[in-house]
1. Please pick out the residue among A248, A293 that is modelled with pLDDT of 95 or more and under 15 Å from Y188 (Cα atoms).
2. Taking the stretch 314-326 as the region of interest, how many residues are within 22 Å of the chain's Cα centre (by Cα) and either part of a helix (DSSP H, G or I) or within 16 Å of ligand 2 (Cβ to nearest atom) (or both)?
3. State yes or no: is R109 out of contact with any Cys (no Cβ under 9 Å at 6 or more places or on another chain), modelled with pLDDT under 95 and among the basic types (K, R)?
4. Mind checking which residues of the stretch 225-250 are without any contact (Cβ under 8 Å) to a residue 60 or more places away in the chain, away from ligand 2 (no atom under 16 Å from the Cβ) and either assigned to a helix (DSSP H, G or I) or loosely packed, with under 15 Cβ neighbours inside 10 Å (or both)?
5. Only one of (1) closer than 25 Å to E223 by Cβ; (2) away from ligand 2 (no atom under 13 Å from the Cβ); (3) assigned to a loop (DSSP other than H, G, I, E, B) is not met by D161, so which one is it?
6. For V253, only one of the following conditions fails: (1) out of contact with any Ser or Thr (no Cβ under 9 Å at 6 or more places or on another chain); (2) open to solvent by 20 Å² or more (accessible area, probe 1.4 Å). What is its number?
7. Across the stretch 19-42, which residue is farthest from ligand 1 (Cβ to nearest atom) among those that are out of contact with any strand residue (DSSP E or B) (no Cβ under 8 Å at 6 or more places or on another chain) and open to solvent by less than 10 Å² (accessible area, probe 1.4 Å)?
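The values are calculated or read from the model by the stated rules, or taken from the named source; none is laboratory data. Quantities reported herein were computed from a predicted structural model and do not represent experimental measurements. So basically every Cβ, Gly included, is an ideal-geometry build from the backbone, and we count neighbours across all protein chains shown. We work out accessible area using only protein heavy atoms, side chains counted, and drop any ligands, DNA or RNA first. Shrake-Rupley method; radii C 1.70, N 1.55, O 1.52, S 1.80 Å.
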Amino acid sequence: MAKINYTIATFGSHSALQILKGAKDEGFKTLIITLLDRKDFYQRFPFIDKIITVKNYSDFPEIEEKLVKENIILIPHGSIVAYLGLEKNKSMKLKYFGNKQVLDWEADRAKQREWLHKAEINLPKQFDNIDDVTYPVIVKSYGAAGGKGYFYAKNRQDFEDKIHHLKDAPFVIQEYVIGVTLYIHYFYSPLTKTIEIMSMDRRYETNVDSLGRIPLRGQEGLEIEPSYVVVGNSPLVLRESLLPEAYAMGERVIKASKELMGERGLFGPFCLETVITPDQKFFVIEISGRIVAGTNLFINGSPYSDLIYQEPMSTGRRVAREIEIAIKENKLGEILN
Ligand code: AMP
Ligand code: AMP
């Protein structure tokens, strides 16, 4: 494998292992920026060439000053957005894989709906007026990460009983879609203008996914409320007749992004978080404009990446491959911010 004179870097959490393993497989040097107490953990992995520790992620701007002079490309993931916040992501000076304009469209729930609506994606109903609500609903506070701070309400009384927990945080009331959750991991190449489905996962969320293990009569009187905090991910392959629409949704989302966010639009890895109803319709509950952690299941490739590649191709490796091709074709500027 030819050595490449660039280092791929990311923060130590979420999908860092997958990203750096993929980068190493493609011939890059690798760097992890992590909290001091995770140093020993990341040292276990020989594909990580260098570890930089920080006391808090808020100290990152100081080390960024030094890193910016080196040939480093940062791959953003969910924890980078969660720990540094939107503004610091946008103002970051390091070479950043992806289009930062997407961050604004993703962070604002109204803009996200506008984008998905333009892409002709089915969305759960959202209610502006409490008197119009049809139940059940899921109530989502703004800025909640990973399903924390969401609640389910089966009727108006239930809603009134629970809403005060959110205190003054702004929230949205959304139709609760009953169906199978499925998270589809895409990769859109700005170099070849093609979309690939890399893999799919389901999130395992506690306690909503474990409630079924206790029979209803065992739950009665316990007042257990469903919560949606993700703890891990499991695989699922999709009924093949649903696959054409899965591809088509990805393409429509990319097309709409180019109309809304300037010529480049969304590119690289992204995920549509769907719920599939009994009439075989996809409803999208959220879009994530970067690598999602469910891709960690497929460090060695997936049934879907195997249809495209003759070698194990994770999403992390796919990102490194795109950067490698861009370097060779002198097009790095097209894929970085
Ligand atoms: P963490 O670094 O684990 O605190 O995660 C930061 C963000 O990424 C949170 O919003 C998490 O909900 C999300 N996240 C982390 N791991 C996963 C996972 N395995 N599946 C889905 N989302 C995740
Ligand atoms: P999100 O933060 O939007 O990814 O949502 C976290 C979790 O809440 C999802 O993985 C689902 O389990 C659940 N959820 C969110 N929105 C809905 C919805 N409209 N209907 C049913 N479940 C939902």
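1. Working: A293 fails: under 15 Å from Y188 (Cα atoms).
Only one candidate passes the filter, namely A248.
2. Start the filter on the stretch 314-326 by keeping residues that are within 22 Å of the chain's Cα centre (by Cα), which leaves 314-323.
Still in the list and also either part of a helix (DSSP H, G or I) or within 16 Å of ligand 2 (Cβ to nearest atom) (or both): 315-323.
Looking only at that region, the number is 9.
3. Numbers: out of contact with any Cys (no Cβ under 9 Å at 6 or more places or on another chain): yes; modelled with pLDDT under 95: yes; among the basic types (K, R): yes.
For R109, the condition - out of contact with any Cys (no Cβ under 9 Å at 6 or more places or on another chain), modelled with pLDDT under 95 and among the basic types (K, R) - is met.
4. Going through the stretch 225-250, the residues without any contact (Cβ under 8 Å) to a residue 60 or more places away in the chain turn out to be 231-232, 236, 238-245, 247-248.
Among the residues that remain, those that are also away from ligand 2 (no atom under 16 Å from the Cβ) are: 238-245, 247-248.
R239, E240, S241, L242, L243, P244, E245, Y247, A248, listed by residue number.
5. All conditions are met except number (3).
6. Condition (2) is where V253 drops out.
7. Checking each candidate, the answer is G27.
So that you can scan it fast, the table gives a plain yes or no per residue for (1) touching a Cys at 6+ places or on another chain (Cβ under 7 Å); (2) under 15 Å from I254 (Cα atoms); (3) not in a helix (DSSP H, G or I):
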position: I80; (1), (2), (3): no, no, no
position: G85; (1), (2), (3): no, no, no
position: K88; (1), (2), (3): no, no, no
position: K93; (1), (2), (3): no, no, yes
position: V102; (1), (2), (3): no, yes, no
position: L116; (1), (2), (3): no, yes, no
position: P124; (1), (2), (3): no, no, yes
